[in-house]
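These notes concern the structure reproduced below.
Readers should treat all values here as calculations from the given coordinates under stated rules, not as data from a laboratory. Please read these numbers as outputs of a predicted model, since none were measured by experiment. Methodologically, a virtual Cβ is constructed for each residue, glycine included, from the backbone with ideal geometry; neighbour enumeration extends over all protein chains shown.
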Amino acid sequence: MPESIISIQHLSKSFGTFQAVKDVSFQVFKGDVFGFLGPNGAGKSTSMRCMLSLIKADSGDIRLFDLPIKNHREEILRRTGSIVEKPDFYKYLSAYRNLDIFARISGTYSSKKEIYAMLDFVGLNGREHDKVGGFSHGMKQRLGIAQTLLHNPDLIVLDEPTTGLDPQGIIDIRNLILRLKEEHQKTILLSSHDLSEIEMIANRMVIINKGKSIVEGSVKELMSTENLFIRLEVEPQQKALEVLKNAFPDIPIQVKGENQLEFHLNRNQVPSISQLLNSHEIAIYSLESKRSLEDYFIKIVQQDAI
């Protein structure tokens, strides 16, 4: 049985008459990159704040490293690094000075060499003495991750780390998270609205909606029963369209540009496509298939709304 790093059971939290979290449960194991998914207002940030004891839960059991947060808060937080919402810094001070002050405030001794190494790890080498006020949003996010790593935590909690980033910034954060897992064996809880990013880096996930957990498990296994998204490049296109419509009359097929067709198909039917088109002398230049976490996410949330 894998070592449990986070165990949340039947968490609830209200603000006055508004119940932000009704019944959230999930478990994160050592070495996971765990996706924490849900639409806006689902209760993700509130759940994470309760988990980190930033706010007090109304009810539920919260355990990190198999210890209850209510009795072992300091010990748990010494082993945890987190960014909840956006990281904040002294903008008129340098990146190095910000990390140095944070280390002193938190009681973590970090040498100049260690802080430089951390800045290098997150891709800020050469910018150590630049004022943070001149940093881009992506650079501040990377500096925030460096801040969470100063005390060498076992668990890293990141709340929407790619929000507002350009495509290169998203790739940088993605690669940084993968390096944390693969090179440093960190366990990572990652909240995100970017479903394609979660699909690329997470091995397990939970989806919550309206303050409740609705599905949890391995990303691969949860999506294994879903239809695949198929993109074909064929010639002649019109003949291929007619053949596929006859073979799969209940499946909508979209014409996308010259010689391209797109549709969803049950994974068990995919092997028959090549044979079917070849038997009608239709040339296949490419056949791409993939599962879409976004499709799965929308389906699950819509089912929960019924």
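Could you list, in their original order, any pairs among LYS56/LYS86; LYS22/LYS56; LYS30/LYS70; LYS70/LYS112; LYS220/LYS256 whose Cα atoms are separated by more than 23 Å?
Where the Cα-Cα span goes over 23 Å, the pairs concerned are LYS70/LYS112; LYS220/LYS256.
In Å, the Kirkwood hydrodynamic radius of the range 1-113 over pairs of distinct alpha carbons?
16.0
Give the span of the range 228-290's Cα atoms along each principal axis, as three whole-Å numbers ordered largest to smallest.
Sorted largest first, the three principal extents are 24, 24, 20 Å.
Test of the criteria: in the range 48-104, which GluC sites (Glu not before Pro) are in a DSSP loop and have at most 12 other Cβ atoms within 10 angstrom of their Cβ?
The qualifying sites are GLU85.
Taking the alpha-carbon set of the chain, what are its Rg and Dmax in Å?
When restricted to the Cα atoms of the chain, Rg and Dmax are 23.2, 72 Å.
For a protection proxy built on the mean count of beta-carbon atoms within 10 angstrom, sort 183-192, 164-173 highest first, please.
183-192, 164-173
Dipole of the chain (Lys/Arg Cβ +1, Asp/Glu Cβ -1, origin at the Cα centre): which of PRO87, PHE26, THR162 lies farthest to the positive side?
The one lying farthest along the dipole's positive direction is PRO87.
Compute from the Cα atoms of the range 149-216 the Rg and the Dmax, the latter being the longest Cα-Cα distance, and quote both in angstrom.
Looking at the range 149-216, its Cα Rg and Dmax stand at 12.7, 36 Å.
Provide the convex hull volume over Cα atoms per residue for the range 20-81, in Å³.
Cα-based convex hull of the range 20-81, divided per residue, equals 98 Å³.
Debye sum, Cα scatterers, the range 192-280, no solvent: what log₁₀ I/I(0) at q = 0.11, 0.13 1/Å?
-0.46, -0.59
Can you list the equivalent-ellipsoid semi-axes of the range 134-251, largest first and in whole Å, using the square root of 5 times each Cα gyration tensor eigenvalue?
38, 19, 13
If Rh is defined by the Kirkwood formula over all Cα pairs and Rg also comes from Cα, what ratio Rg/Rh do you get for the range 67-223?
0.98
I want the local charge near SER191. Using Cβ-Cβ distances under 12 Å, sum +1 for each Lys or Arg and -1 for each Asp or Glu among the other residues.
Once positives and negatives cancel, what remains is -3.
Please report the antiparallel percentage of the DSSP beta bridges confined to the chain, to the nearest 5.
65
Treat every Asp and Glu Cβ in the range 141-255 as -1 and every Lys and Arg Cβ as +1, leave all other atoms uncharged, and give the resulting dipole magnitude about the Cα centre to the nearest 20 debye.
For this selection, approximately 180 debye.
So, by mean Cβ neighbours within 10 angstrom, what's the order for 279-288, 197-206, 111-120 with the highest one leading?
The densest-packed peptide leads the list: 197-206, 111-120, 279-288.
Going Cα to Cα from LYS13, which aspartates and glutamates come in below 14 Å? Please leave out same-chain ones fewer than 8 positions away.
ASP23, ASP58, ASP61
Could you give the length gained by full extension between VAL270 and LYS70, i.e. 0.36 nm per residue of separation minus their alpha carbon distance, to one decimal place?
66.9 nm
Can you give the helix-only mean residue ellipticity at 222 nm for the chain, where every DSSP H stretch with n ≥ 4 adds -39500 (n - 2.57) and the sum goes over all residues, rounded to the nearest 500 deg cm²/dmol?
The helix contribution divided over the chain gives -10500 deg cm²/dmol.
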